[in-house]
Amino acid sequence: MTSDSVLDIFRRVGALHEGHFRLTSGLHSPGYLQCALVLQYPQEAETLGKELGERVRQLGADVVLSPALGGIVIGQEVGRAMHVRAQFAERQEGKLTLRRGFTLSGSDRVVVVEDVITTGGSTRETIAVAEEAGASVMGVAAIIDRGADPGRLNLPLQALVRMEVPAYPPGSCPMCAKGLPVTKPGSRV
Ligand SMILES: [Zn+2]
């Protein structure tokens, strides 16, 4: 699958948005991709999961770990494609944690799967969850990479689309400078 064929899916379901948005990272951006709108179609989710699964197969992971909520659906599909378990970490009192009886051990080899990586903050937190449980993190996979710095992740990163839509701190946002109202996307992007 090429980056363009993935973007075609986003366009087809109306998941490619343009405007003036405040991202979860706090940065302002003229556009974003709403993964949930694509992932609501199980066949599309399976297709994207299969493609990501192929790309990370050589890492030899035996469990997928995703941050809730955004990473759960695609994590499940990558797990399906790789025939491995798919777990998710969720926030408890602000900190990502394994709950619901999920456990990782020292023999587990983990691939962290996200829908979108922007600053890499939640990705690093998810990596930390696995490492604190004693597991080895082999790499990271995401549908969309908005320009994460692989050096800061210090792990192999695979993404179906690398899309550096500009993102600005509010103080230097050209759309704010023009007085355009900023909106918050419907969920984490
Ligand atoms: Zn702005």
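For region 59-85, how many residues meet the condition of being closer than 21 Å to GLY120 by Cβ and either surrounded by fewer than 20 Cβ atoms within 10 Å (Cβ to Cβ) or of a type outside the set (Ser, Thr, Tyr) (or both)? Give the steps one after another, and end with the answer.
Within region 59-85, the first condition is being closer than 21 Å to GLY120 by Cβ, and the residues that meet it are 59, 61, 63-75, 78.
Keeping just the survivors that are either surrounded by fewer than 20 Cβ atoms within 10 Å (Cβ to Cβ) or of a type outside the set (Ser, Thr, Tyr) (or both) gives 59, 61, 63-65, 67-75, 78.
Final tally of qualifying residues: 15.
Results for (1) in contact (Cβ under 8 Å) with a residue 12 or more places away in the chain; (2) within 16 Å of the ligand (Cβ to nearest atom), shown as yes or no for each residue.
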residue: ASP4; (1), (2): no, no
residue: GLU18; (1), (2): yes, yes
residue: HIS28; (1), (2): yes, yes
residue: ALA45; (1), (2): yes, no
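Do we have any residue at all in region 111-120 that's part of a strand (DSSP E or B) and of a type in the set (Ser, Thr, Tyr)?
Within region 111-120, the first condition is being part of a strand (DSSP E or B), and the residues that meet it are 111-117.
Right, trim to of a type in the set (Ser, Thr, Tyr) and you get none.
The answer is no; no qualifying residue exists.
Among PHE21, PHE10, PHE88, which is the only one that is farther than 18 Å from LEU157 by Cα, among the aromatic types (Phe, Trp, Tyr), within 17 Å of the chain's Cα centre (by Cα) and part of a strand (DSSP E or B)? If you could, list the steps in order and put the result at the bottom.
Details: PHE21 fails: within 17 Å of the chain's Cα centre (by Cα); PHE10 fails: part of a strand (DSSP E or B).
Result of the check over PHE21, PHE10, PHE88: PHE88.
Which residues, counting only those in region 136-189, are within 13 Å of THR119 (Cα to Cα) and near the ligand (Cβ under 10 Å from one of its atoms)?
Result: ALA167, TYR168, PRO169.
Name the residue, out of GLU90, GLU44, that is at pLDDT 95 or above, under 22 Å from ALA133 (Cβ atoms) and of a type in the set (D, E, K, R).
Working: GLU44 fails: under 22 Å from ALA133 (Cβ atoms).
Going through GLU90, GLU44 in turn, the sole match is GLU90.
Among the residues of region 133-189, which ones are part of a helix (DSSP H, G or I), surrounded by 14 or more Cβ atoms within 10 Å (Cβ to Cβ) and at pLDDT 95 or above?
Those that are part of a helix (DSSP H, G or I), surrounded by 14 or more Cβ atoms within 10 Å (Cβ to Cβ) and at pLDDT 95 or above: MET175, CYS176.
Mind listing whichever residues of region 95-151 are polar (S, T, N, Q) and farther than 22 Å from ASP62 by Cβ?
Passing the criteria: THR118, THR119, SER122.
For region 24-58, give me each residue that is buried (at least 20 other Cβ atoms within 10 Å of the Cβ) and more than 16 Å from the chain's Cα centre (by Cα).
HIS28, SER29
If we scan region 108-119, do we find a residue that is in contact (Cβ under 8 Å) with a residue 40 or more places away in the chain, surrounded by 21 or more Cβ atoms within 10 Å (Cβ to Cβ) and within 16 Å of the ligand (Cβ to nearest atom)?
Yes - at least one qualifying residue is present in region 108-119.
The values are calculated or read from the model by the stated rules, or taken from the named source; none is laboratory data. None of the values given here were measured: they were computed from a predicted structure. Ideal geometry is used to build each Cβ from the backbone, glycine not excepted, and the neighbour counts take in all protein chains shown.
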